[in-house]
1. Bin width 10 Å, origin at 0, all Cα-Cα pairs of region 19-110: what percent of pairs per bin?
2. What does the charge add up to near Gly107, with Lys and Arg as +1, Asp and Glu as -1, over the other residues with Cβ less than 9 Å from its Cβ?
3. Taking other Cβ within 10 Å of each residue's Cβ, how do Ser26, Ser110 sort, fewest first?
4. If packing is taken as the average number of other Cβ atoms within 10 Å across a peptide's residues, how do 71-79, 29-37, 86-94 rank, most packed first?
5. Over all pairs of distinct alpha carbons, what does the Kirkwood formula give as the hydrodynamic radius of region 1-40, in Å?
6. With the cut-off at 21 Å, tell me which of the pairs Lys31/Lys60; Lys31/Lys105; Lys60/Lys101; Lys31/Lys64; Lys60/Lys97 have Cα atoms farther apart than that.
7. Compute the length gained on full extension between Leu90 and Lys60: take 0.36 nm times their separation in residues and subtract their Cα-Cα distance, giving the result in nm to one decimal.
Amino acid sequence: MVFVRGPDQCDIQHFVERVVFRLHDSFPRPKRVCKEPPYRVEETGYAGFILPIEVYFRNKEEPKKVCFTYDLFLNLEGNPPVNHLRCEKLTFNNPTKEFRKKLLKAGGVS
């Protein structure tokens with residue numbers, strides 16, 4: 001499973017419009033779009049790959065999205081599962097008043 005969420009269960013849907021996960025081409029429908037929480041994809045597979053993730057904002061001005069790449073690695077069958085969380089801090093410089101309200105409503109800080 002791969003997911004995007006806010007810290008401490010903050011409700012990021014206030015400023016996130018959608019999250020796009022671009023799985024390896026060997027998966028059916030490799031482009032997965034989540035338009036509401038939970039922003040996650042669950043699949044099974046046998047190998048790791050670089051997973052591009054695009055987070056689109058509810059913002060009329062720039063930035064409209066941010067892109068991350070996640071190195072998804074899978075354990076061999078029979079081994080214990082691997083949990084790997086990666087935290088990303090987003091800083092918005094001079095957001096519009098409207099977007100700033102959305103960020104604060106989701107738990108952002110001034």
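1. 13, 39, 29, 15, 4, 0
2. On the way: positive: Lys105; negative: Asp8, Asp11.
Cβ neighbours under 9 Å give a net charge of -1.
3. Details: Ser26 10, Ser110 5.
Placing the least packed residue first, the sequence is Ser110, Ser26.
4. Values: 71-79: 9.8, 29-37: 12.4, 86-94: 8.1.
Ranked by mean Cβ neighbours within 10 Å, highest first: 29-37, 71-79, 86-94.
5. Details: mean 1/r = 0.0912 Å⁻¹.
It works out to 11.0 Å.
6. Details: Lys31/Lys60 24 Å; Lys31/Lys105 29 Å; Lys60/Lys101 13 Å; Lys31/Lys64 19 Å; Lys60/Lys97 11 Å.
From Lys31/Lys60; Lys31/Lys105; Lys60/Lys101; Lys31/Lys64; Lys60/Lys97, over 21 Å: Lys31/Lys60; Lys31/Lys105.
7. On the way: separation 30, 0.36 × 30 = 10.80 nm, distance 1.75 nm.
9.0 nm is the gain from fully extending Leu90 to Lys60.
Any read-out appearing in this document is the output of simple, stated calculations on the displayed coordinates, not a laboratory observation. As the structure is a prediction and not an experimental result, all values here were calculated from the model. Note that we place each Cβ from the backbone using ideal geometry, even for glycine, and neighbour counts take in every protein chain shown.
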